[in-house]
1. Could the peptides 74-84, 34-44 be put in order, highest first, of the mean number of other beta-carbon atoms found within 10 Å of their residues?
2. Whole-Hz Karplus ³J(HN,Hα) for segment 37-48, in order, using 6.51 cos²θ - 1.76 cosθ + 1.60 and θ = phi - 60°, x for Gly and Pro?
3. With a 1.4 Å probe and all protein chains left in place, how much of the accessible area of segment 1-100 comes from carbon and sulfur atoms, in whole percent?
4. Can you compute the modelled spin-label distance between Arg71 and Asp56, with each label point 7 Å from Cα toward Cβ, in nm?
5. Regarding segment 15-58, what is the average projected area of its C-alpha convex hull, in nm²?
6. Give a residue-ordered list of calculated ³J(HN,Hα) values for segment 62-69 (Karplus: 6.51 cos²θ - 1.76 cosθ + 1.60, θ = phi - 60°; whole Hz; x for Gly, Pro).
7. Near the amide H of Leu13, under 5 Å away, which other amide H atoms are found, from residues 5 or more places off or on another chain, if H is placed in the peptide plane?
8. Under a 5 Å amide H to amide H cut-off, with H placed in plane at 1.01 Å, what residues pair with Thr102 once short-range neighbours are removed?
Amino acid sequence: MDRIPILKLGRALLVSIQVDIHDRLAKALEEDLSERIVATGARGVMIDISGLEIVDSFMGRMLDNIAAVSRLLDADTVVVGMRPAVAITLVELGLSLTGVKTALNVERGMALIGSGQYDEIEGDDAPGGGDERDEG
């Protein structure tokens, strides 16, 4: 496998990792995702790892790198489908995956991206903002 498919779902990109990833494939995924985030204006990246039985430190670093690049391109990263054994392994390896949100499945991941208030309304246009504030 030379590339991992990246699907666009609304304002998010979905990557489903079903195979073990080697260095070259991980680098290709990071580059492909970066390009797709910019090209589509995606506000979120969901990475489905439900097909992975184990995650090692390499995979953890790759997820962390993808999240860092996505953040710089104004997109949040949500990892979905993490098995309990994988979560335990990541903790044991000391990988906190800074900046990565998690959800049990793709549906919840989409809800998380959809409710992320990425286009936050500030100032007087915000609900409860401006003259509508309760001052009592």
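1. Working: 74-84: 19.9, 34-44: 16.6.
Going by the mean number of other Cβ atoms within 10 Å, highest first, we get 74-84, 34-44.
2. Result, ordered by residue: 4, 5, 5, 9, x, 4, 9, x, 10, 9, 10, 8 Hz.
3. Within segment 1-100, the accessible surface is 55 percent carbon and sulfur.
4. Distance between the two pseudo-spin positions: 2.6 nm.
5. On the way: hull surface 13.3 nm².
If you wrap the Cα atoms of segment 15-58 in a convex hull and average its projections, you get 3.3 nm².
6. 5, 4, 5, 5, 4, 4, 5, 5
7. Answer set, sorted by chain and number: Gly44, Val45, Met46.
8. Under 5 Å from the amide H of Thr102: Val79.
The values are calculated or read from the model by the stated rules, or taken from the named source; none is laboratory data. In this text, all values refer to a predicted model and were calculated from it rather than measured experimentally. Every residue, glycine as well, gets a Cβ built from its backbone with ideal geometry; the counts of neighbours run over all protein chains shown. Calculation scope for accessible area: heavy atoms of the full protein, side chains included, ligands and nucleic acids excluded. Shrake-Rupley method; radii C 1.70, N 1.55, O 1.52, S 1.80 Å.
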